[in-house]
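Have a look at the structure below, then the notes.
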Amino acid sequence: MPFEYKKVLVLGATSGIGWALASKLVENGVSVIAVGRRQANLDDFAKQHSNGKASVDTAAFDISKLQEIPGFAKAMFTKHPDLDCIFLNSGMQRHLDWTKPEEVDLETVDLEILTNYTSFLHLTKAFLPYLQKQAPKPTSMIYTTSGLALVPILYCPGYCATKAALHHMILAMRQQMKDADSNVKIIELFPPAVQTELHDAKHQPQMGDRGKNIGMQLNEFTDEAWAGLSAEDNEQVPVQMVKTMMGFGGWEQERQKTAQKMWGFMKQQQH
Ligand SMILES: NC(=O)c1ccc[n+]([C@@H]2O[C@H](COP(=O)([O-])OP(=O)(O)OC[C@H]3O[C@@H](n4cnc5c(N)ncnc54)[C@H](OP(=O)(O)O)[C@@H]3O)[C@@H](O)[C@H]2O)c1
């Protein structure tokens, strides 16, 4: 099945996974509006795809500026009323070591929660009404979480918690939308470790040089993620070891079945 949507706003498209998947979208004839803070990277993206199979626009925006999010959503839909997919992919990761509490920088911890979780709630609130108004046309919100939403690692427990919070929110949100027969599909992409700028020494000096070599190669990731996003059964797209070693194909299924049972039980109690 081809990817179902025709114009996608990709947040976090200035490098890594967002850049690669935004490129894949354009290569497959899907229009893209690329978003991130780095204007030079946005310009490079637009230049690289200037003769592509679909239109490309860009917008510089900092998602941590929560008060500006409603205006940003309005501006995007005023310019692109046919936007039918919002892809929330931006993110940051930082080291956190509780054995040295004196070294824990709470401002960084707060910024990670703001960037990876709180801003996603604000973005969801701002963008959803524009997608809902397009009913019955199918639309979607895509969220990039992580295999670390399922299994925390010791290096960056704060990051893992932001992704776990987002995963829980998505599971319940998806069911709410289904119960309301919504035209908005809620999609979650779970990358494993991938070679992007996420682990770069510029962000995480503790990683040193090995940061950029952590995880699977970006092109391999992108091919598998794209196949998953374009599949009929694309609500949850776990990639590579997320399916196996990180539990998506095993106990995570049990957890989600238990959630379904709980939701059914609670509905019965209400009647
Ligand atoms: N790479 C991995 O191993 C891995 C594994 C699992 C999940 N993920 C997730 O995949 C997503 C993409 O990360 P990546 O690996 O591709 O890393 P990346 O190369 O560092 O890309 C991060 C993207 O997020 C954007 N971003 C960060 N803070 C932002 C802000 N305040 N406002 C707007 N944009 C912001 C960056 O753009 P600007 O800097 O230009 O603003 C950049 O485009 C993230 O959600 C990450 O948590 C990555």
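Values as computed for the structure displayed
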| quantity | calculated |
| --- | --- |
| The chain, relative contact order [Cα under 8 Å, separation at least 6], % | 18 percent |
| Computed magnitude of the charge dipole of the chain (debye, nearest 20; Cβ of K, R +1, Cβ of D, E -1) | 660 debye |
| Cleavage-rule hits (GluC sites (Glu not before Pro)) in the stretch 201-237: DSSP loop, at most 11 neighbouring Cβ within 10 angstrom | E232 |
| Those trypsin sites (Lys or Arg not before Pro) in the stretch 176-206 that DSSP places in a loop and that have at most 16 other beta carbons within 10 Å | K202 |
| Lysine pair count for the stretch 161-270 [Cα-Cα under 28 Å; pairs on different chains or 8 or more apart] | 21 |
| Amide H contacts under 5 Å for S140, placed H, 5+ residues apart | C85, I86, K185 |
| Hull-based mean projected area of the stretch 7-245, where the convex hull spans the alpha carbons, in square nanometres | 12.9 nm² |
| Span-like helix ranges in the chain, DSSP H, alpha carbon extent 30 angstrom or more, Kyte mean at least -1.0 | 157-179 |
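The numbers here are math on the coordinates, done by the rules we state, and not lab data. Not measured: the values here are computed from a predicted model. Positions of Cβ are backbone-derived with ideal geometry, glycine not excepted, and every protein chain shown enters the neighbour counts.
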